[in-house]
1. Evaluate the stretch 99-114: report whether one residue or more is more than 22 Å from residue 176 (Cα to Cα) and surrounded by 13 or more Cβ atoms within 10 Å (Cβ to Cβ).
2. Which of (1) in a helix (DSSP H, G or I); (2) surrounded by fewer than 12 Cβ atoms within 10 Å (Cβ to Cβ) does residue 127 not meet, given it meets every other one?
3. Please enumerate the residues belonging to the stretch 99-113 that are in a helix (DSSP H, G or I), at pLDDT 80 or above and more than 20 Å from the chain's Cα centre (by Cα).
4. Could you check how many residues of the stretch 82-138 are farther than 24 Å from residue 192 by Cβ and in contact with a helix residue (DSSP H, G or I) (Cβ under 8 Å, 6 or more places away or on another chain)?
5. Would you please list the contacts, defined by Cβ atoms under 6 Å and residues six or more apart or on different chains, that run from a residue in the stretch 139-151 that is without any contact (Cβ under 8 Å) to a residue 24 or more places away in the chain to a residue that is surrounded by 14 or more Cβ atoms within 10 Å (Cβ to Cβ) and part of a helix (DSSP H, G or I)?
6. If I ask for residues that are touching a residue at least 12 places away in the same chain (Cβ under 8 Å) and closer than 14 Å to residue 155 by Cα, which ones from the stretch 102-122 would you list?
7. State whether the residues of the stretch 74-82 include one that is at pLDDT below 55 and either outside any loop (DSSP other than H, G, I, E, B) or surrounded by 12 or more Cβ atoms within 10 Å (Cβ to Cβ) (or both).
8. Pairs under 9 Å by beta carbon, first residue within 18 Å of residue 97 (Cβ to Cβ) in the stretch 1-15, partner modelled with pLDDT of 90 or more and part of a loop (DSSP other than H, G, I, E, B), six or more apart or different chains?
């Protein structure tokens with residue numbers, strides 16, 4: 001079997017299995033590290049005195065992440081949204097999906113895909129420069145953070161190089177596939193997992209900007 005056949009065949013399935021089982025493991029670990037806590041509601045007499053929630057005001061927005069760090073908020077939002085959407089709605093990926101399963105999804109036009117890919121790459125450059133130039137961020141940055149950033153950006157850099165046919169196309173395509181597989185396998189076992197497990201935390205955890213039931217809290221072993 002040639003190298004392309006290996007990375008585009010068996011290794012893809014290895015990456016998907018590691019990704020899926022890794023997320024299942026992390027979800028089970030989350031449930032093991034938390035416990036259900038009964039939500040204690042105040043008596044009706046107290047509830048009657050509670051003021052109705054305020055509507056969102058300009059002061060609330062100015063005190064939020066978007067108000068305090070607007071540039072960081074915009075770059076982070078764009079980066080994370082298209083980091084997830086691009087691989088799903090790219091033409092090349094959907095061609096492979098259709099060949100494997102018989103169906104495909106909506107795809108971005110080529111020019112739109114190129115622009116969005118460049119935005120993700122520029123977002124990676126922004127985060128890299130922020131870690132290098134901003135003192136308070138540099139102080140808590142380690143080699144691990146740079147490696148994670150490289151793992152995230154590499155599939156987009158190599159993918160853009162492949163679509164533009166820079167350097168040797170076959171070599172860049174193989175590197176692109178390997179970079180994507182590496183990122184998939186890294187997601188469940190690095191800080192990258194927060195992008196997917198965030199929804200689990202925000203829906204189930206109490207006191208953490210809960211968006212759902214909020215019935216779970218962290219479990220701590222008490223010293224005997």
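The values are calculated or read from the model by the stated rules, or taken from the named source; none is laboratory data. Since this is a predicted model, take the numbers as computed values, not measurements. As a convention, Cβ positions derive from the backbone with ideal geometry for all residues, glycine included, and neighbour counts pool all protein chains shown.
1. no
2. Here residue 127 meets the rest and fails (2).
3. Step one: list which residues in the stretch 99-113 are in a helix (DSSP H, G or I), which gives 99-101, 110-113.
From the residues that got through so far, the ones that are at pLDDT 80 or above too are 110-113.
110, 111, 112 - these are the residues of the stretch 99-113 that are in a helix (DSSP H, G or I), at pLDDT 80 or above and more than 20 Å from the chain's Cα centre (by Cα).
4. Residues that pass the stated criteria total 6.
5. Sorted first by the residue in the stretch 139-151, then by its partner, the pairs are 141/131.
6. Selection gives 113, 114, 116, 117, 118, 119, 120, 121.
7. In the first step, residues of the stretch 74-82 are kept if they are at pLDDT below 55; the result is none.
Scanning the stretch 74-82, I find no residue that is at pLDDT below 55 and either outside any loop (DSSP other than H, G, I, E, B) or surrounded by 12 or more Cβ atoms within 10 Å (Cβ to Cβ) (or both), so the answer is no.
8. none
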